[in-house]
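Working notes for the structure below.
Nothing in this text is a laboratory measurement; each read-out follows from the coordinates by a stated rule. Being a predicted model, the structure only gives us computed values, none of them experimental. Quick reminder, even Gly has a Cβ in these numbers, built from the backbone with ideal geometry, and neighbours come from all protein chains shown.
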Amino acid sequence: MKQRFSDEQIVAILREGEGGSDSIRDVCRKHAITETTFYRWRRRFGAMSKPEVRRLRELERENERLKRMMAERDIELDIIKEFLAKNS
């Protein structure tokens with residue numbers, strides 16, 4: 001899924017909204033997002049800094065890669081079990 005904003009941009013928008021110079025409604029209007037989106041982002045990224053968001057994204061990618069590897073390994077094991085069952 002392609003996001004319109006990068007995680008770093010989201011954190012910057014959240015910091016802008018929490019800065020107090022503009023209301024959250026004004027910040028949302030400026031970036032063409034809904035207040036619901038702003039609060040959803042704040043729930044996910046609330047206290048994170050940009051380096052923490054980058055690290056989170058790296059960990060999520062690594063997790064996806066490991067899940068794919070596990071799925072491939074499980075398929076290979078199933079194939080081996082079927083092969084051994086036919087040869088027994």
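Data overview
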read-out: Test set (1) surrounded by fewer than 11 Cβ atoms within 10 Å (Cβ to Cβ); (2) more than 13 Å from Gln9 (Cα to Cα) - Arg25 fails condition number; value: (1)
read-out: Hits in the range 34-50 - residues which are surrounded by fewer than 10 Cβ atoms within 10 Å (Cβ to Cβ) and not charged (D, E, K, R); value: Thr36, Ala47
read-out: Pair list, Cβ < 6 Å and 6+ apart or interchain, from the range 56-69 residues that are surrounded by 10 or more Cβ atoms within 10 Å (Cβ to Cβ) to residues that are part of a helix (DSSP H, G or I); value: Arg57/Asp7
